[in-house]
Amino acid sequence: MKVIAALHGPGPALLAPAFRAEAAAAGATRLQVNLDDDAVAPAMRFGPGAPITAVVSMWTDGGPETVLDVVRRHDPDVHAWSVDEREPLVPPAVPDGERADALANLAFLRRPATMPHAAWLTDWLQRHTTVAIEAQGTFGYVQNPVLASLTPGGGDVAGIVEELFPMAALSDQHAFYGSGGDDAELQRRFTRLMDSCARFGAADGLDLVPTSRYMFAL
């Protein structure tokens with residue numbers, strides 16, 4: 001099982017050995033920490049609620065509550081979900097504890113009330129996936145449909161997606177969209193992506209969190 005937790009406070013302690021030890025003792029077998037830190041400061045970020053400053057993902061063979069309690073010690077108001085991880089574009093492997101050479105954008109998606117859940121999920125996981133990968137300069141694309149909300153907050157989040165871009169994408173739209181310096185191609189890709197997002201409600205009401213990404217085997 002994979003559990004994703006969104007925190008709204010300081011996150012550097014999440015990279016400390018003590019946090020990894022707590023996670024392992026709680027039954028986590030793998031840990032991912034995403035931090036909105038100085039390395040991604042120039043990136044765009046937005047959302048309808050309190051800013052998300054860190055995202056913790058943990059994999060466990062047991063139930064979610066024990067690993068979630070570890071995160072609650074750092075943020076009692078954490079929002080968390082159990083998810084069904086899919087990797088249409090597998091991120092490159094990086095040594096434990098080393099920052100991935102990437103701008104890792106996390107988007108927390110909300111389903112429009114007018115769109116049935118099954119239709120929304122199919123549109124996101126099938127049709128939009130192709131568009132998102134073809135229209136952007138991503139080299140990692142991880143989808144996390146929400147199975148259950150684990151906390152009082154965050155119950156309206158239906159899916160979480162992580163997209164890895166080259167660091168140049170912080171300041172270069174051509175790097176972000178993979179358009180190779182061609183302005184007409186950049187506009188075509190941008191329009192295609194925005195139109196696709198609008199079709200399943202991802203153009204409104206989402207949290208976008210730019211991060212640095214770290215992985216740990218426990």
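The values are calculated or read from the model by the stated rules, or taken from the named source; none is laboratory data. The structure presented is a predicted model; accordingly, all values stated were derived computationally and were not measured. Cβ atoms come from the backbone with ideal geometry, glycine included; neighbour counts cover every protein chain shown. In case anyone asks, the SASA skips ligands and DNA or RNA and just uses the protein heavy atoms, side chains included. Shrake-Rupley method; radii C 1.70, N 1.55, O 1.52, S 1.80 Å.
Using Cα-only point scatterers and the Debye equation, what is log10 of I(q)/I(0) for the stretch 78-126 at each q in 0.30 Å⁻¹, rounded to two decimals?
Each listed q maps to, in turn, -1.28.
Residue by residue through the stretch 10-24, which ³J(HN,Hα) values in whole Hz follow from phi under the Karplus form 6.51 cos²θ - 1.76 cosθ + 1.60 (θ = phi - 60°), with glycine and proline marked x?
x, x, x, 5, 5, 8, 6, x, 4, 5, 5, 5, 5, 5, 5
Which Rg and Dmax, in Å, describe the Cα atoms of the stretch 95-218?
Here Rg and the maximum Cα pair distance are 15.4, 46 Å.
Along the Cα-to-C-beta direction of residue 167, a point sits 7 Å from the Cα; which residues of the stretch 95-122 have their amide N less than 19 Å from that point?
It comes to 95-106, nothing else.
Cα centroid distance between the stretch 13-52 and the stretch 128-156, in Å?
Taking the Cα centre of the stretch 128-156 as reference, the centre of the stretch 13-52 is 17 Å away.
Once every DSSP H run of n ≥ 4 in the chain is given -39500 (n - 2.57) and the sum is divided by its residues, what mean residue ellipticity at 222 nm do you get, rounded to the nearest 500 deg cm²/dmol?
For the chain, the value works out to -7000 deg cm²/dmol.
Over the heavy atoms of residue 8, what accessible area does a 1.4 Å probe trace out, to the nearest 10 Å²?
60
If you take the square roots of the eigenvalues of the alpha-carbon gyration tensor of the stretch 132-182 and sort them as a ≥ b ≥ c, do you get rounded (a/c under 1.5), prolate (a/b over b/c) or oblate?
Because a/c hits 1.5 or more and a/b exceeds b/c, the stretch 132-182 counts as prolate.
With θ set to phi - 60°, apply the Karplus curve 6.51 cos²θ - 1.76 cosθ + 1.60 along the stretch 176-190 and write out the HN-Hα couplings as whole Hz, x wherever there is a Gly or Pro.
Going residue by residue, I get 5, 9, x, 8, x, x, 8, 4, 5, 5, 4, 5, 5, 5, 4 Hz, with x marking Gly and Pro.
Take every Cα pair under 8 Å in the chain that's 6+ residues apart, average their separations, divide by the length, and report that relative contact order as a whole percent. Mind dumping the intermediate values first?
Details: 461 pairs, mean separation 70.0, N = 218.
Worked out over the chain, it gives 32 percent.
Using only the Cα atoms of the stretch 1-40, build the gyration tensor, take square roots of its eigenvalues as a ≥ b ≥ c, and label the shape rounded, prolate or oblate: rounded if a/c is under 1.5, else prolate if a/b is larger than b/c, else oblate.
Numbers: a/c = 2.24, a/b = 1.59, b/c = 1.41.
The shape class here is prolate.
May I ask you to work out the translational diffusion coefficient for the stretch 22-115 at 4 °C, viscosity 1.567 mPa s, via Stokes-Einstein with Rh from the Kirkwood sum over Cα pairs, reported in whole µm²/s?
On the way: Rh = 15.6 Å.
The calculation lands on 83 µm²/s.
Which value, in Å² rounded to 10, gives the accessible area of residue 52 with a 1.4 Å probe and all protein chains present?
Only protein atoms counted, so the area is about 20 Å².
Count neighbours as other Cβ atoms within 10 Å of each site's Cβ, and list the trypsin sites (Lys or Arg not before Pro) in the stretch 27-79 that are DSSP loop with at most 15 such neighbours. Mind dumping the intermediate values first?
Working: sites: 30, 45, 72, 73; in loops: 45, 73.
Filter output for the stretch 27-79: 73.
Report Rg (one decimal) and Dmax (nearest whole number) for the stretch 172-218, counting Cα atoms only, units Å.
In order Rg, Dmax, the Cα atoms of the stretch 172-218 give 14.7, 46 Å.
With every protein chain kept in place and ligands, DNA and RNA left out, what is the accessible area per residue of the stretch 84-159? Probe 1.4 Å, answer in Å².
On the way: 3410 Å² over 76 residues.
With all protein chains present, the stretch 84-159 gives 45 Å² per residue.
7 Å from Cα along Cα→Cβ at both residue 16 and residue 69: what's the point-to-point distance in nm?
For residue 16 paired with residue 69, the spin-label model returns 2.0 nm.
Taking amide H positions as placed 1.01 Å from N in the peptide plane, with prolines and chain starts having none, which residues 5 or more places from residue 147, or on another chain, fall under 5 Å of its amide H?
82, 83, 84
Measure off, as a whole percent, the carbon and sulfur share of the 1.4 Å-probe accessible area of the chain, all protein chains present. Present the calculation step by step, with values, prior to reporting the outcome.
Working: 5420 of 9610 Å².
The nonpolar share, carbon plus sulfur, comes to 56 percent.
What does the net charge come to around residue 153 if you take all other residues with beta carbon closer than 15 Å to its beta carbon, with K and R at +1 and D and E at -1?
Local net charge: -2.
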